[in-house]
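Enquirer: Let me begin by handing over the structure; questions about it come next.
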Amino acid sequence: MEVVVAPDVDQFAANWLVEQWDEINALGLATGSTPENLYGWLIQRYYDGDIGFADKTTFNLDEYLSLAPNHPQSYRATIHRQLIQYVDLKPENFHVPPGLTNDVEAACEAYEDAIAAAGGIDMWILGIGHEGHIAFNEAPSEKETRTRLVDLSDSTLYHNARFFDNDLYRVPKQAITVGVATILEARKLLLLAKGDAKAQPVAEAVLGSQTEKLAASWLQSHEACVVALDHAAASELLTRAPAGESVIESADGIRHTITFAA
Ligand code: F6R
């Protein structure tokens, strides 16, 4: 992993993505609070004429089961509001797992097939959950998992209640999520984390053992994973890392670089 700590991590991540824009055909998208400003920067760069989406295909990581596509808190509606509505992505190239389906298994298979048909994901943009999930790969999530139906953890239900008027009972209890293997097969990965609430799972993911108990830890095995952090999200990691070291080692002996962006 390449850990980068940046004062304006959204802008850093946007610049980093724009630098390699031409190499990205299929772009994987997270929803939630974390990437919102990053998407704002990408929209800005789109309006500046630096990047386009006309030749891109996007795939979202996950979707709540039981929410209609036009439900304001569905991930389809959320990513449309945060990014898609502003850019020239062709509607047929916009993919989100279905929230409503009468054949979940077939829908999951079809999603994996669509990713394969697009030539695989070139870049997944990832966030991390408070207990270390990526996409909705809740513990336990094995490294070989693929797109499937999952039960959301109590922690996820609790934290995502903020999108449902803080009413825990309105948060969908299940979701369709791409799997850990679906994520690890991408050519590049960008894990973005901000705020001190993410400091603990980030430190575990980077420095702990790879384990099904914390899906983000599997990212250690990817050859091209950038972990972009603001100072708050990096705080626990920096506390545990030897002072001044630019290489840190995980419990599994995997070496990660750590740099500070201006
Ligand atoms: C959402 C997703 C999740 C979120 C994670 C963090 O598509 O994949 O893994 O990235 O739950 O959510 P926020 O950013 O709201 O803290």
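Derivation of every value follows stated rules applied to the coordinates shown; laboratory data play no part. As the structure is a computational prediction, the values presented were derived from the model and not from experiment. Positions of Cβ are generated from backbone atoms using ideal geometry, with glycine treated the same way; all protein chains shown enter the neighbour counts.
Enquirer: Give, rounded to the nearest 20 debye, the magnitude of the charge dipole that the range 155-262 has about its Cα centre when Lys and Arg contribute +1 at Cβ and Asp and Glu contribute -1 at Cβ.
Expert: Details: 10 positive and 12 negative charges, 53 e Å.
Using Cβ point charges on Lys, Arg, Asp and Glu, the range 155-262 gives about 260 debye.
Enquirer: Where does the charge balance sit around residue 35 when Lys and Arg score +1, Asp and Glu -1, over other residues with C-beta under 12 Å from its C-beta?
Expert: Values: positive: 194; negative: 10, 36.
Here the count lands on -1.
Enquirer: Which of 26, 161, 224 moves most in a GNM of the chain, Cα contacts under 10 Å?
Expert: 161
Enquirer: Where both partners of a DSSP beta bridge lie in the chain, what percent of those bridges are antiparallel, to the nearest 5?
Expert: On the way: 11 of 36 bridges.
Within the chain, antiparallel bridges account for around 30 percent of the total.
Enquirer: Give the separation of the Cα centroids, the range 189-228 to the range 163-186, in Å.
Expert: 18
Enquirer: Quick check: the distance between the Cα centres of the range 77-140 and the range 1-74, to the nearest angstrom?
Expert: The range 77-140 and the range 1-74 have Cα centres spaced 12 Å from each other.
Enquirer: Under a point-charge model restricted to the Cβ atoms of Lys and Arg (+1) and Asp and Glu (-1), what is the dipole moment magnitude of the range 98-181 relative to its Cα centre, in debye to the nearest 20?
Expert: Values: 6 positive and 14 negative charges, 44 e Å.
Dipole of the range 98-181, to the nearest 20 debye: 220 debye.
Enquirer: Choose one of 28, 57, 67: the residue whose Cα lies farthest towards the positive end of the charge dipole of the range 20-75 (beta-carbon charges +1 Lys, Arg; -1 Asp, Glu; about the Cα centre).
Expert: About the Cα centre, the residue reaching furthest to the positive side is 67.
Enquirer: Continuing with this model, one more query. Run lengths n ≥ 4 of DSSP H only: what is the helix-derived mean residue ellipticity at 222 nm for the chain, with -39500 (n - 2.57) per run over all residues, to the nearest 500? Please list the in-between numbers first.
Expert: Values: 8 runs with 76 residues, N = 262.
Per the formula, -8500 deg cm²/dmol.
Enquirer: Go through 56/173; 56/194; 173/194; 143/194 and tell me which ones have a Cα-Cα distance over 30 Å in this structure.
Expert: Working: 56/173 32 Å; 56/194 27 Å; 173/194 25 Å; 143/194 25 Å.
From the list (56/173; 56/194; 173/194; 143/194), the Cα-Cα distance tops 30 Å for 56/173.
Enquirer: If you put +1 on each Lys and Arg Cβ and -1 on each Asp and Glu Cβ, how big is the dipole of the chain around its Cα centre, in Debye rounded to 20? It would help to have the intermediate numbers written out before the result.
Expert: Values: 18 positive and 38 negative charges, 75 e Å.
Using Cβ point charges on Lys, Arg, Asp and Glu, the chain gives about 360 debye.
Enquirer: Looking at the range 107-217, send over the antiparallel percent of its DSSP beta bridges, to the nearest 5.
Expert: Expressed as a percentage, antiparallel bridges in the range 107-217 total about 55.
Enquirer: Further, regarding this structure: Pick from 93, 166, 37: which is most flexible by mean-square fluctuation in a GNM of the chain where alpha carbon atoms under 10 Å apart are linked?
Expert: 166
Enquirer: Which residue, 213, 90, 198, has the most motion in a Gaussian network model of the chain that connects Cα atoms within less than 10 Å?
Expert: Evaluated over the chain, the most mobile residue of the options is 90.
Enquirer: What are the semi-axes of the equivalent ellipsoid of the chain, taken as the square roots of 5 times the eigenvalues of the Cα gyration tensor, listed largest first and rounded to whole Å? Can you show the working numbers first?
Expert: Numbers: eigenvalues 142, 96, 63 Å².
Its equivalent ellipsoid spans semi-axes of 27, 22, 18 Å.
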